[in-house]
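Asker: Before we start, here is the structure in question, set down as structure tokens.
All of the numbers you see were taken from the coordinates with simple rules; none came from a lab. From a predicted model like this one, the values you see are computed outputs, not experimental measurements. Cβ placement follows ideal geometry from the backbone for every residue including glycine, while neighbour counts extend to all protein chains displayed.
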Amino acid sequence: MQMRRRILGFIVTIQAVLFLTHFVLYETWAFSPAGNGPGGSLGIKLALFLLSVSFVTASLLAFRYTNPAVRAFYRASAVWLGLLTFLFFAAIFSWIVLGIGEFAGINGIAVNFHRMVEVLFSLAAGIGLWGVFNASWTRITRTTIRLANLPEAWRGRKAALISDLHLGHVRNGNFLRRMVAKILLEAPDAIFIAGDLYDGTAIDAGRAAEPLNKLTAPNGVYFVAGNHEQFGDDSKYLSAIAAAGVRVLSNEKVEVDGMQIIGVPYRNATQNGHLASTLRDVRLDRDRASILLVHAPDHPEVAEAAGVSLQLSGHTHLGQFIPWSWFARRMYRQFVYGLSRIGKMQIFTSSGAGTWGPPLRLGSNPEIVMLEFE
């Protein structure tokens with residue numbers, strides 16, 4: 001009962017924010033300080049009201065149903081949610097310019113207010129649509145990893161890191177098929193999938209994971225669960241991934257040609273004590289190189305203290321787009337993206353291949369990471 005109340009409270013809060021944001025858009029569009037603007041209309045009000053409830057409605061449907069109509073509705077509402085962010089900032093900027101003009105006595109700004117709004121809204125929509133295109137353009141990011149005590153067999157080997165595909169109502173098995181093809185073209189020696197393969201919405205988990213059957217590497221393909229697999233019971237997701245031939249790591253260590261590979265699922269890595277105890281239990285050898293696969297870069301200091309050589313993560317998406325990228329950088333600091341170091345441990349955080357919520361990226365790129373060991 002308490003969990004239901006929290007969920008209901010969260011939904012009500014999100015919907016209230018969306019109502020307020022759309023109200024700002026309407027008032028900005030309809031406002032006419034010089035008396036020559038377009039004014040409001042019932043059609044505009046009705047359209048903005050329907051748009052304001054579209055994403056919450058689509059999300060509730062997406063968690064229960066999967067069919068072409070729900071998928072199309074969810075995609076459209078998710079794209080609108082992304083565009084809304086830029087339109088909202090355009091509206092706020094319009095009011096700021098008007099306020100400065102009024103304070104400075106520049107009457108022309110008031111007269112041309114609506115024209116300014118038209119230009120800024122068009123610019124915001126254009127930027128948002130570029131972000132939608134950019135989110136579908138997956139890059140290959142290459143980096144060199146130099147590890148102490150690297151086993152001789154691993155010198156010059158390549159590993160692929162991919163995370164956050166978020167298969168669901170926006171991206172599905174066809175998207176995964178394309179990612180598998182891109183990875184195989186690179187011929188990696190090992191492949192690491194750092195969680196959030198699924199989005200958590202209603203989906204045929206087994207069918208969506210089928211393309212993983214073709215994902216092979218000489219030194220194995222490894223997966224660790226992310227938060228979206230673990231919203232509830234993760235067994236259907238993990239079973240589907242394992243059935244596709246991928247090694248699911250759950251609080252365990254495997255050794256491949258002298259390299260220690262550890263996988264800790266999201267739930268066991270979100271608290272310092274849980275992660276530390278799990279790393280103790282796997283009996284990590286500090287004198288040999290190791291790779292920790294964990295979805296989020298929440299506690300790298302714990303992994304470093306345990307003697308891990310390299311941590312591979314995703315989760316942050318690099319915020320996907322402004323302003324969320326600012327919050328992501330503030331939360332994860334230097335670990336938000338790319339290769340960084342804490343003490344003796346290196347950590348690579350990927351921006352991910354897919355998207356969550358709005359299928360839009362600006363200031364971050366979807367990627368597959370190719371790591372070369374030296």
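Asker: What are the membrane-span-like helices in the chain by this rule: whole DSSP H runs, Cα extent along the axis at least 15 Å, mean Kyte-Doolittle hydropathy at least 0.5?
Answerer: Passing helices, by number: 2-30, 42-62, 68-104, 113-135, 173-185.
Asker: Which of the trypsin sites (Lys or Arg not before Pro) across the stretch 52-137 are loop residues per DSSP, with 16 or fewer other Cβ within 10 Å?
Answerer: Answer by residue number: Arg64.
Asker: Could you tell me whether the stretch 233-330 comes out rounded, prolate or oblate from its Cα gyration tensor? Rule is a ≥ b ≥ c as square roots of the eigenvalues, rounded for a/c under 1.5, then prolate if a/b exceeds b/c, otherwise oblate.
Answerer: Taking the square roots of the gyration eigenvalues as a ≥ b ≥ c, the stretch 233-330 is oblate.
Asker: Ok, one more. Between rounded, prolate and oblate, where does the stretch 139-373 land on the alpha carbon gyration tensor, with a ≥ b ≥ c its root eigenvalues, rounded for a/c under 1.5, else prolate if a/b exceeds b/c?
Answerer: Since a/c stays below 1.5, the shape of the stretch 139-373 is classed as rounded.
Asker: On to the next question. With a Förster radius of 30 Å, plug the Cβ-Cβ distance of Arg333 and Gln15 into 1/(1 + (r/R0)^6) and report the FRET value to the nearest 0.05.
Answerer: 0.40
Asker: Which percent, to the nearest 5, of DSSP beta bridges fully inside the chain are antiparallel?
Answerer: 30 percent
Asker: Here's another thing I want to ask about it. How many angstrom lie between the Cα centre of the stretch 212-265 and the Cα centre of the stretch 175-193?
Answerer: Their Cα centres are 15 Å away from one another.
Asker: Rounded to the nearest 0.05, what FRET efficiency do Leu123 and Asp287 give with R0 = 41 Å and r taken as the Cβ-Cβ distance? Could you check? The partial results should precede the final answer.
Answerer: Values: r = 57 Å, r/R0 = 1.39.
The value I calculate is 0.10.
Asker: Mind running the shape call on the stretch 2-134? Use the C-alpha gyration tensor, a ≥ b ≥ c as the square roots of the eigenvalues: rounded below 1.5 for a/c, prolate if a/b tops b/c, oblate otherwise.
Answerer: Details: a/c = 2.46, a/b = 2.01, b/c = 1.23.
The shape class here is prolate.
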